[in-house]
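**Q** I am attaching a structure below and will ask some questions about it afterwards.
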Amino acid sequence: MRQNSILLTVLVALALPGQALAIDRGATRGAEWLRTHAARAGDGAAADALIALRAGGRLSAADASARARALRRGWNYSRTAGGPAKVVLGLRASGVGNPRCAGRNDLLAAIGRGRRGGRYRGNVYDQTLAMIAMRTLNAGPSRASVRTLIRARGGGGWNLRMTRGTGDSVSSTAMAILALRGAGVSSRNTALRSAHRWLLSRRTASGGFTEEGGRAQANATALAIRATLAMGYRDPRAVRALRSLQAADGSFLLSRTDSGSRLLATNDAVLALAGRTLPTGGLSRTPGPCR
C-alpha cells in the first residue's frame, strides 16, 4: 500500500490546522453558525464541531484552546475505540498541545485497548474512526485493521455492524472508503471501486443520498461527497443537493421535511463543502508519551 499518493498528499495539506486557504462560502456560513451553537463539551459532537470550525475557517485561537480543554476533560465519554479516536481528531484540529494526550491519559493507548487483532470493538464507526486517528498520529493503521475492514464488506458496501449480511448503508460505506483511502489503499482497489459504485447507486432523485429512502439527507449526502472525493472524483449533483439543505442562518437541516439535529448535519456538511476527505492532517511523526 502506498501511504503518500498524490491525491492524499494534497488532501492532507488541506487539512492542516492554521492553513490559509480559500474556503467555500457555504462551509464558512455553516461554521459561523456552529461557532455560536456548538457547545464546548467533551463528547463526539463537540469534537466534530471543532473539526468543522477549523475546516470552515471560523476557529479563533481562544476558542480552539477552550474547546480543546473541554475535550481533554471529557475524553473518556465512550467505552469503544471511536470515542478517544474522535478526541484525537478534535485535538489535532484545535492545534493545541499534543493530540495524543488528555492530561496524562494516553489516547493512543486508549484506542488500542479496543482492538483485538484487526478489529476494533464496536461498529463500523469505531473501526474507521480508530483507523483514521491512528493515521493522524502517524501510528498506523495496522495492515490487520485494513484487511479486516476490507473483508467486512457486504453485498454492496458496508453495514453498521461490519457483517457480510444485508443492511449495507451509505454512511457506513462512505466511512469505510474514507478510512481505507486514508490508510493508503488505492482507489483502483476492486473492493473500493465496487463499493463506490454501490454507493452511487443509492442516489436520490435530487442528486443527494439518504439512509431511509425518499428525500436526500444532509449527513449521508455529506459523507458520500467526501468518499467520492477520496476516490478521485467530484460530485456536483450531490453538492447542489447538500447546499439546498442550508438554512438562512447557515445551519443545515437533515432533510427538506425534517430538521433533525442541525448540529450533527452542520458538522458533516461543513467538512464536505470545505472539500475535506480526512478530517485532520497527519503528523510527520508519532508524538511522544503523555506526562
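**Q** If R0 is 35 Å, what FRET efficiency do you get for Thr190 and Thr166 from their C-beta distance, rounded to 0.05?
**A** Computed FRET efficiency for Thr190 and Thr166: 0.95.
**Q** A further question follows. Over the stretch 196-248, give the accessible area per residue in Å² for a 1.4 Å probe, as an integer.
**A** 46
**Q** Here's something else I'd like to know. For the stretch 128-244, just the Cα atoms, rotate onto the principal axes and tell me the three extents in Å, largest first.
**A** Rounded to whole Å, the extents work out to 39, 29, 23 Å.
**Q** What net charge do the residues around Ala31 carry, taking every other residue with its C-beta under 9 Å from that of Ala31, with Lys and Arg at +1 and Asp and Glu at -1?
**A** That works out to +3.
**Q** With an 8 Å Cα cut-off and a minimum separation of 6 or more residues, compute the relative contact order for the chain in percent.
**A** This gives 23 percent for the chain.
**Q** Probe radius 1.4 Å, ligands and nucleic acids ignored: give me the carbon and sulfur share of the accessible area of the chain as a rounded percent.
**A** In the chain, the share of accessible area belonging to carbon and sulfur is 49 percent.
**Q** Let me ask something else about it. Per residue, what volume in Å³ does the Cα convex hull of the chain take up?
**A** 113
**Q** Looking at the P(r) of the stretch 93-139, how many percent of alpha-carbon pairs lie beyond 11 Å?
**A** Tail fraction, whole percent: 69.
**Q** Please work out the Cα convex hull volume for the stretch 58-148 and give it in Å³ per residue.
**A** Once divided by residue count, the hull of the stretch 58-148 is 88 Å³.
**Q** Next up: Using R₀ = 41 Å, calculate the FRET efficiency as 1/(1 + (r/R₀)^6) where r is the Cβ-Cβ separation of His37 and Cys290; round to 0.05.
**A** It comes to 0.85.
**Q** Residues in the stretch 116-149 near a label at Arg79, defined as backbone nitrogen under 20 Å from the 7 Å Cα→Cβ point?
**A** Correct set: 116-117, 119-130.
**Q** Using only DSSP helix segments of four residues or longer, with each worth -39500 (n - 2.57), what per-residue ellipticity at 222 nm results for the chain after dividing by its residue count and rounding to 500?
**A** Result for the chain, helices only: -15500 deg cm²/dmol.
**Q** Given a 1.4 angstrom probe, what's the average accessible area per residue across the stretch 69-173, in square angstrom?
**A** The answer is 41 Å² per residue.
**Q** If you average over every viewing direction, what projected area does the convex hull of the Cα atoms of the stretch 182-291 give, in nm²?
**A** 9.3
The values are calculated or read from the model by the stated rules, or taken from the named source; none is laboratory data. Note that the coordinates shown come from a computational prediction; the quantities given were computed from them, not determined experimentally. Cβ atoms come from the backbone with ideal geometry, glycine included; neighbour counts cover every protein chain shown. Just so you know, the surface numbers come from the protein's heavy atoms only, side chains and all, with ligands and any DNA or RNA stripped out. Shrake-Rupley method; radii C 1.70, N 1.55, O 1.52, S 1.80 Å.
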